[in-house]
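A.B. asks: Below are the structure tokens for one structure; questions will follow.
The values are calculated or read from the model by the stated rules, or taken from the named source; none is laboratory data. All values derive from a computational prediction rather than experimental measurement. Positions of Cβ are generated from backbone atoms using ideal geometry, with glycine treated the same way; all protein chains shown enter the neighbour counts.
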Amino acid sequence: MKIISSLFLLLIAACAFLYTPTEARIAQPQTMTDVAFNGEKITKTNAQWKRVLTPAQYTVLRKSGTEAPYSHPYTKLKAKGTFHCAACKLALFSSENKYDSKTGWASFYQPIAAANVIESEDTSNPMETRTEITCARCGGHLGHVFKDGPQPTGLRYCMNGVALKFMPAAGSTTTKRRATARRS
């Protein structure tokens, strides 16, 4: 009987998770899951990506677009937490490595794990060859990396905010504000 009641409780928990809207599951405080890319790729058709991404996210992540400088709130965000890929939720950057590059885009001097991002040559701009940064799991375009960042790396990962999803650290003021708002 104990086994059956335990299985029943597990089934209820699984159903509650599945029927919770995706946005509610994603916006929870940071946990240590999905920090290192495990090598398993996510592939979807353009139609499937269009169903799960906003038009702005689709343009940047799937068509290598660029948002206007200073147009996204993550540029000035100072809260503690982790920035994940907006398409597949892979952890990409920590707020501990974020800095104000004064360029108009969220900037970091290193990713959470080198395996989580892919660097490739971008020749789409005839004036310069750049290094494009894409998500290792879903291949989504995130931005570019430049060799004019601060120490210790000397790199500036210049990321489109719309390509990221911020998850506040447990106990951060962002999380506390959200919890207080729920109680009101």
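A.B. asks: Scan region 54-97 for residues that are under 22 Å from Asp148 (Cα atoms) and within 13 Å of the chain's Cα centre (by Cα) and jot them down.
C.D. replies: Result: Tyr74, Phe83, Leu92, Phe93, Ser94, Ser95.
A.B. asks: Identify all residues within region 88-109 that are touching a Phe, Trp or Tyr at 6+ places or on another chain (Cβ under 7 Å), closer than 24 Å to Gly39 by Cα and in contact (Cβ under 8 Å) with a residue 40 or more places away in the chain; write none if there are none.
C.D. replies: Leu90, Leu92, Phe93, Phe108, Tyr109
A.B. asks: Shifting gears a bit: The conditions are (1) free of Cβ contacts under 8 Å to residues at least 12 places away in the same chain; (2) closer than 11 Å to Phe166 by Cβ, and Glu121 fails exactly one of them. Which is it?
C.D. replies: Here Glu121 clears every test but (2).
A.B. asks: May I pose another question? Quick one: what pairs do we get from region 148-168, first residue under 10 Å from Cys85 (Cα atoms), second at pLDDT below 95 and aliphatic (A, V, I, L, M), C-beta under 8 Å, 6+ apart or different chains?
C.D. replies: Qualifying pairs under 8 Å: Lys165/Ile26.
A.B. asks: Shifting gears a bit: Suppose the filter is over 22 Å from Pro111 (Cα atoms), outside any helix (DSSP H, G or I) and either modelled with pLDDT under 85 or under 21 Å from the mean Cα position of the chain (by Cα) (or both); does Thr20 pass it?
C.D. replies: yes
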